[in-house]
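All remarks here apply to the structure that follows.
The values are calculated or read from the model by the stated rules, or taken from the named source; none is laboratory data. It should be emphasised that the depicted structure is a prediction, and the values quoted were computed from it without experimental measurement. Cβ placement follows ideal geometry from the backbone for every residue including glycine, while neighbour counts extend to all protein chains displayed.
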Amino acid sequence: MHSYISDRKQAEEALRLSQERYRSLVESLPQLVCMADVDGITEYCNQSWMNYTGLTLEQTQSSGWQQALAAGFQMHIPKSVEPKKLVRAIVNLVTRS
């Protein structure tokens, strides 16, 4: 039992350190990083994203990320498109095999 608890604590510490390294790496990137789950709920955005979009994490967690993404692409299409439809089209293009 002692070995199991010790192994679990070591695994938890290794995971924590890995997450810290990942977050540090992502925060140091000048590129915009914003992660959402499969339902489109934002889980994380780096500071570069927030600086560029002017959105807070709370604003991004609603539909702000979709509006920000759509605004960046809107200038390249001839007519206005609803942000959700534009995001769906972009995701379809990016995920095609």
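Structure notes:
- Candidate set from the stretch 13-42 (those that are surrounded by fewer than 10 Cβ atoms within 10 Å (Cβ to Cβ) and under 12 Å from the mean Cα position of the chain (by Cα)); member that is farthest from Val87 (Cα to Cα): Gln31
- Against the conditions (1) at pLDDT below 80; (2) of a type in the set (S, T, N, Q); (3) in contact with a strand residue (DSSP E or B) (Cβ under 6 Å, 6 or more places away or on another chain), Gln67 satisfies every one except (3).
- The stretch 27-64, subset in a helix (DSSP H, G or I) and charged (D, E, K, R), residue modelled with the highest pLDDT: Glu27
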